[in-house]
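Step one of this worksheet: look at the structure below.
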């Protein structure tokens, strides 16, 4: 179990090191690998004495996870703001188009 926990800590610390430059694919890969490691950890059974020893490592992991989650929330909020801007532009364009006949205008030649 300790080896799995160390792999999980290493995975998290690698992401924390490049957190400011991480893209969506890196977050996705992190979450996929993290899920696999947690599945393996859940299958193990340890005595309470060993769990107490690993508690410090788990606390270290939790602190890194909170940093990662905070960054993911920031990125989500930025994406939401950009999406809202796009939607506002679409609504403005739709209002403009509907106010002027939606593009079905006719041109008359006054000379003829």
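No lab work stands behind these numbers, since they all come straight from the coordinates. Worth saying up front: this structure is predicted, and the values here are computed from it rather than measured. Here Cβ is always computed from backbone atoms with ideal geometry, including for glycine, and neighbour counts include all displayed protein chains.
Ordering 49-56, 22-29 by mean Cβ neighbour count within 10 Å, with the highest value first, yields 22-29, 49-56. May I ask you to derive the FRET efficiency for residue 49 and residue 23 from their Cβ-Cβ distance with R0 = 30 Å, giving the value to the nearest 0.05? My answer for the efficiency is 0.10. Normalising the average separation of contacting C-alpha pairs (under 8 angstrom, six or more residues apart) by the number of residues puts the relative contact order of the chain at 34 percent. With respect to the chain, whose longest principal axis is taken over its alpha-carbon atoms, helix 2-17 is tilted by about 40°.
Distance between the pseudo-spin-label points of residue 94 and residue 72 (7 Å out from Cα toward the beta carbon): 3.2 nm. Against the main long axis of the alpha-carbon atoms of the chain, helix 48-99 sits at an angle near 0°. Peptides 63-76, 35-48 ranked from most to least packed by the mean count of surrounding Cβ atoms within 10 Å: 63-76, 35-48. For the chain, a Kirkwood hydrodynamic radius built from all Cα pairs, placed in the Stokes-Einstein relation at 25 °C and 0.890 mPa s, yields a translational diffusion coefficient of 133 µm²/s. Computed over the chain, the per-residue total of -39500 (n - 2.57) for DSSP H runs of n ≥ 4 gives a 222 nm mean residue ellipticity of -28500 deg cm²/dmol, rounded to 500.
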